[in-house]
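Written below as structure tokens is the structure these notes are about.
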Amino acid sequence: MSAARRTPLYEEHLAAGAKMVDFAGWEMPIHYGSQLKEHNTVRTGAGVFDVSHMTVVDITGADAKAWLQKLIANDVAKLGFTGKALYSGMLNEDGGVVDDLIVYLADDGYRMVVNAGTTDKDLAWMTRQAEGFAVTLTPRKDLAMLAVQGPAAVERVCAARPQWADAIRSLKVFQGLPFDAWFVARTGYTGEDGVEIMLPAGDAAAFFRELLALGVEPIGLGARDTLRLEAGMNLYGHDMDETVSPLEAGMGWTLAMKDGRDFIGRQALEAKLAAGVAMRQVGLVLEGRGVLREGQRVVVEGVGEGVITSGTFSPTLGHSIAIARVPFATGESATVDLRGTLTPVRVVKLPFVRGGKKVFE
Amino acid sequence: MSNIPAELKYVTSHEWLRLEADGSVTVGITEHAQELLGDIVFVELPKVGAQLAAEEQAGVVESVKAASDVYAPIAGEVLAVNEALEGTPELANSEPYGEGWFFRIRPANAADLDSLLDAAAYAAEIGA
């Protein structure tokens, strides 16, 4: 086990009072005092996350498009202009999820952002699949990445970079633009408005301090998890992995299967669709006391059993919520084995929260 | 560095005990325990009148991060529980030795306190 890696913002986290933990081999801030307070800041104001542990990979070469059309389950042909973003799963031959990612169209190819914990495996898989294609993969270890999220996030970033403000404000959701060596995109993992910024590692600390001076609060990985869970967004390695089909992990909308495009995993998905999909992803709501946790058993009377893939206390709603994989025929109620007691929960459609408000029925 | 008041007694499951003037004993969780748990969102307490054995489960603390059992550090009858934790469980984070207390018991055997950890021994236990 090698020593934990540090992002260019390590010293800034310590200066801001962070409690640091190991996350996928990186020393990252879990919180800066209170995870609940940080969560609420992102729902009502503006917060900044260090996501420099994630990996940016630039993809260039004459076959870049053809290769991505084979590599990932969503179709990069949908990317109509430079800076447009697409969310996709990268599947194995069995139709399991190797990783989930965002890919942007760039002037000279594509830019992909993959998870920190899966980076080594992803790069090995991608390199293997690149055989026979004129494609070059360049992991951008020289870049840092910040996510600035919350209803006030875009205006704070514009205040920090007034010369770019009009262009940043004009970005629609899932669109980005390059600004010199920086790239700013209207994307995120919180269910709030905001941007994700890739920038040279050497610029990151000063920009982080500028944002804090403008009233943006630093937010740790703890709140990142409760925010994404309220937003109904999957976390790789929890809500899906190589043994889980995207059809059973709420990722059906990312599978571009209408044309005959031969992407990795397509045959397995078609076989599963023909045989019948056994499970589906739902939200669970526990309005009483207690907290739903990952790994707890979901029992649907007369139907079968499922499992909670992510669970937490929802700071916005004031009660517990979970993402679960349950039998396809599950109705509007189920029970969860909560520390030995089968406790009734409601089954709802994801997400739970968008734009700071409860959205499920 | 965790605050470990010198006048209290401790057990390795991270509860503290304070002997009151009337012979009853107040129990809560230590500052170190609340730091490990993070933001506390629910606290389940024993029933007033319950007879607890030493090391018997007396409640549950749920934080955003994890669920953790709370144990009776010594045997006794539950005299009172901190009802404020029902609506404001974060008191266990902000004032673990004060307003965030959990329950009060009448010890079955007052001498049981003598064998528990003092502040120095608890500090050594948690590596503080």
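Laboratory data are not the source of any read-out in this text; all were calculated from the coordinates shown. No experiment lies behind these values; they were computed from the predicted model shown. All Cβ positions, glycine included, derive from the backbone under ideal geometry; neighbour counts span all protein chains shown.
Can you give the Rg and Dmax of segment A:13-94 based on its C-alpha atoms, in angstrom?
18.4, 49
As an exercise, use a Förster radius of 30 Å and the Cβ-Cβ distance of residue A:346 and residue B:94 to find the FRET efficiency, rounded to the nearest 0.05.
That pair, residue A:346 with residue B:94, gives E of 0.40.
Hey, which aspartates and glutamates would be in cross-link range of residue A:358, C-alpha to C-alpha under 19 Å, not counting anything within fewer than 8 residues on its own chain?
A:38, A:192, A:193, A:225, A:230, A:287, A:332
For an R0 of 51 angstrom, estimate the FRET efficiency from the Cβ-Cβ distance between residue A:133 and residue B:66 and round to the nearest 0.05.
0.65
Which whole-number percent gives the relative contact order of chain B, counting Cα pairs below 8 Å spaced six or more residues apart?
Relative CO of chain B lands at 31 percent.
Using the Cα atoms as the points, what is the convex hull volume per residue of segment A:29-146 in Å³? Display every interim value, and only then the final one.
On the way: hull volume 15.9 nm³, N = 118.
With only Cα atoms used, segment A:29-146 gives 135 Å³ per residue.
How many angstrom separate the Cα center of segment A:74-137 from the Cα center of segment A:214-239?
22 Å
At R0 = 22 Å, how high is the FRET efficiency between residue A:212 and residue A:180 if r is their beta carbon distance? Nearest 0.05 is fine.
0.50
I need the shape label for chain B. Rule: rounded when a/c is under 1.5, else prolate if a/b > b/c, else oblate, with a, b, c from the alpha carbon gyration tensor.
Details: a/c = 1.65, a/b = 1.10, b/c = 1.50.
Oblate is the answer for chain B, as a/c is 1.5 or above yet b/c matches or exceeds a/b.
What is the spin-label model distance, in nm, from residue B:6 to residue B:83 if the labels are put 7 Å beyond Cα along the C-beta direction?
3.7 nm
Choose one of A:194, A:323, A:298: the residue whose Cα lies farthest towards the positive end of the charge dipole of the protein assembly as shown (beta-carbon charges +1 Lys, Arg; -1 Asp, Glu; about the Cα centre).
A:194
Projected onto the charge dipole of the protein assembly as shown (+1 at Lys/Arg Cβ, -1 at Asp/Glu Cβ, origin at the Cα centre), which of A:252, B:23, A:278 gives the Cα projection farthest towards the positive end?
A:252
Which residues does the label zone of residue A:44 cover in segment A:296-338, counting backbone N under 11 Å from a point 7 Å along Cα→Cβ?
none
Report the Cα centroid-to-centroid distance between segment A:288-361 and segment A:173-198 in angstrom, as an integer.
Measuring centre to centre over Cα atoms gives 31 Å.
Taking amide H positions as placed 1.01 Å from N in the peptide plane, with prolines and chain starts having none, which residues 5 or more places from residue A:193, or on another chain, fall under 5 Å of its amide H?
Here the answer is A:150, since their amide H atoms fall under 5 Å of that of residue A:193.
Hey, if you drop one equal point scatterer on each alpha-carbon of segment B:29-103 and run the Debye formula without solvent, what base-10 log of I(q)/I(0) do you get at q = 0.16, 0.26 Å⁻¹?
-0.51, -1.26
Give, in nm to one decimal, the length gained when the segment between residue A:66 and residue A:241 is fully stretched (0.36 nm per residue of separation minus the Cα-Cα distance). The partial results should precede the final answer.
Working: separation 175, 0.36 × 175 = 63.00 nm, distance 2.50 nm.
Between residue A:66 and residue A:241, full extension yields 60.5 nm more.
Once you have a ≥ b ≥ c as the square roots of the Cα gyration tensor eigenvalues for chain A, tell me rounded if a/c is under 1.5, and otherwise prolate or oblate according to whether a/b is larger than b/c. Can you show the working numbers first?
Numbers: a/c = 1.76, a/b = 1.12, b/c = 1.57.
The shape class here is oblate.
Output the pairs from A:172/A:357; A:19/A:121; A:65/A:141 with a Cα-Cα distance over 26 Å in this structure; if there are none, say none.
Numbers: A:172/A:357 21 Å; A:19/A:121 28 Å; A:65/A:141 23 Å.
Long pairs (Cα-Cα over 26 Å): A:19/A:121.
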